[in-house]
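To keep things clear, I will list the structure first and then write my remarks on it.
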Amino acid sequence: MDGAPPAGGPGGGVSRRKEDRGRQRRAVRRRPPARATPTAPRRAHPRRRDPMRTVLRRPDFRLLFGGLLASMAAESILLLALAIWVKDLTGSDGLAGATIFAVIAPMTLAPLVGWIVDRYPRRPFFVVANLVTAVLLTPLLVVRDRADVWLIYVVAALYGLSYITLSAVLSGLIRQLVPVELLAEANGVLQTVRQGLRLIGPLAGAGLYAAVGGWMLAVIGMVGFLSAAVVVGLIRTTETPPTGPALRWPAEVGAGLRHLAGEPALRRALFGYGLGSLAMGFSESLIFAYVDQGLRRDAAFVGVLVTVQGVGGLVGGLLSPAVVRRAGEVGTLAAGVAFFGPASLALVYPNLWLGFVAVLLAGVSLPLTMVGLHTLIQRRTPPGLLGRVAAASEAMVSGPQALSIGAGALLVGVLDYRVLFALIGVATLFAGGYLWHGRTLSPPPSARIPAPRRPADGPALADRAEAGPVPTERAEAGSALADRAGAAGHEVVGTIPPSPGR
């Protein structure tokens with residue numbers, strides 16, 4: 001026998017164990033990396049989804065956005081040009097500012113307008129109102145000299161009545177098409193576009209007026225409103241008829257005012273903003289005196305300042321949804337009103353570059369106030385009452401503003417415009433502080449953002465898509481149910497239900 005150890009002895013066993021461990025280590029090194037199991041995917045946090053892009057992916061809102069883009073472009077070209085037209089025909093700063101007063105004055109009829117709006121379906125009413133607005137601009141085609149200025153005032157007043165009608169029905173239409181957790185984004189998108197159009201609209205209007213005449217402004221306005229009627233008419237939506245006990249018409253007309261008085265957040269928002277707008281209205285007439293007496297430039301230079309204001313409005317519109325999500329609607333409104341304070345104080349000293357900074361701040365303030373107020377109204381108001389509440393809020397804000405515009409047109413010829421700008425700055429800072437103290441009345445809405453496409457208003461559709469396939473019958477049933485819920489406006493997440501007494 002040789003001296004080798006037996007196969008099953010200690011020496012052979014140790015050698016084999018070493019070889020086995022070596023093979024295992026080599027196999028581990030050659031093994032491909034483990035793949036993540038498809039049964040437990042990682043879900044993205046809802047905050048990572050871009051809410052503005054989400055709301056623009058909704059087909060019905062895209063149509064509404066396209067129609068409003070046409071009408072807002074016409075409005076940005078037309079409104080300021082009417083005041084410049086009056087200034088050119090009369091040579092009076094006060095009469096030019098009175099054009100803006102003529103637009104705002106009909107808003108005293110807002111409760112009656114809101115009652116009419118709530119009696120009819122939103123989309124057809126919006127289409128008809130745009131068609132009527134296009135017809136109302138036709139008298140501008142015959143304005144030739146100073147003797148025809150009264151026609152501009154008549155058109156301005158009728159346009160103001162149309163404006164409040166369109167605003168009231170638009171508020172309800174947005175609430176009908178967009179889930180409640182995307183209202184701030186929808187309002188922010190529209191305000192961003194509205195303010196962004198100030199970059200080109202006023203200069204384009206002033207240039208067209210100087211090159212061709214006022215009749216071209218009327219034609220562009222008519223085309224814009226007709227286009228809005230056609231595009232919005234393509235929206236297909238189902239509206240739920242209003243429900244509730246029938247009241248006599250005086251009680252129905254005043255229902256919006258009663259709701260505003262009974263809701264603490266709306267009451268504080270409108271009181272504070274009404275005080276701020278009472279001061280802001282003076283600037284409509286003072287800006288002509290600032291350009292004429294302070295900067296020593298022609299009235300058409302107001303269009304340049306409004307264009308710079310549009311840059312600030314573009315920034316404010318983009319930031320406004322984020323501000324609403326962090327500070328709530330009343331807090332956003334407070335920030336917007338307070339920003340107007342330093343802007344007015346800066347206009348006390350007539351300097352071109354300081355004036356650009358001032359109107360830039362004023363531009364930031366406007367979309368913040370509009371998005372904060374409109375979103376608050378849409379969240380805190382039952383759908384069947386939204387037209388009256390929106391119209392009544394316009395009246396409560398624009399009524400003091402109309403008075404201040406009229407008073408400013410008179411005072412600009414008596415007092416130094418710099419004194420008036422200083423008073424405006426102090427008053428708006430006070431109003432902004434009052435609103436800021438009530439910001440807890442409207443806490444920031446839920447950060448949860450729905451999936452981008454209909455019928456993704458329901459919270460569980462995105463989760464079901466990640467969890468796995470859903471049977472066809474159940475998917476179609478859930479889709480139809482979500483469509484009906486979205487059309488009826490029964491959103492749940494982030495809403496604050498009205499109390500039984502309202």
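Numerical summary
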{"quantity": "R0 of 25 Å, Cβ-Cβ distance residue 108-residue 62: FRET efficiency to nearest 0.05", "calculated": "0.10"}
{"quantity": "Mean Cβ count within 10 Å, highest first, over the residues of peptides 184-193, 63-72", "calculated": "184-193, 63-72"}
{"quantity": "Computed label-point distance, nm, for sites residue 120 and residue 422 using a 7 Å Cα→Cβ extension", "calculated": "5.1"}
{"quantity": "With all protein chains modelled, accessible area of residue 271 [1.4 Å, Å²]", "calculated": "140"}
{"quantity": "Cβ crowding within 10 Å averaged over residues, with 370-383, 99-112, 419-432 ranked highest first", "calculated": "370-383, 99-112, 419-432"}
{"quantity": "Relative packing of 218-228, 325-335, which averages over residues the other C-beta atoms within 10 Å, highest first", "calculated": "325-335, 218-228"}
{"quantity": "Theoretical FRET efficiency, 1/(1+(r/R0)^6), r = Cβ-Cβ of residue 141 and residue 238, R0 35 Å, to 0.05", "calculated": "0.30"}
{"quantity": "In nm, spacing of pseudo-spin labels at residue 200 and residue 90 (7 Å Cα→C-beta vector)", "calculated": "3.2"}
{"quantity": "Local net charge near residue 405, Cβ-Cβ under 14 Å (Lys/Arg +1, Asp/Glu -1)", "calculated": "-2"}
{"quantity": "Calculated Rg and Dmax of region 80-228 using C-alpha coordinates, Å", "calculated": "16.6, 52"}
{"quantity": "Accessible-area value, residue 197, 1.4 Å probe, nucleic acids and ligands omitted, Å²", "calculated": "20"}
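The values are calculated or read from the model by the stated rules, or taken from the named source; none is laboratory data. Computed from a prediction, not measured in an experiment: that's the story for all the values here. Every residue, glycine among them, receives a Cβ derived from its backbone with ideal geometry; neighbour counts consider all protein chains shown. Please note that ligands, DNA and RNA were not included when accessible areas were found on the heavy atoms of the full protein model with its side chains. Shrake-Rupley method; radii C 1.70, N 1.55, O 1.52, S 1.80 Å.
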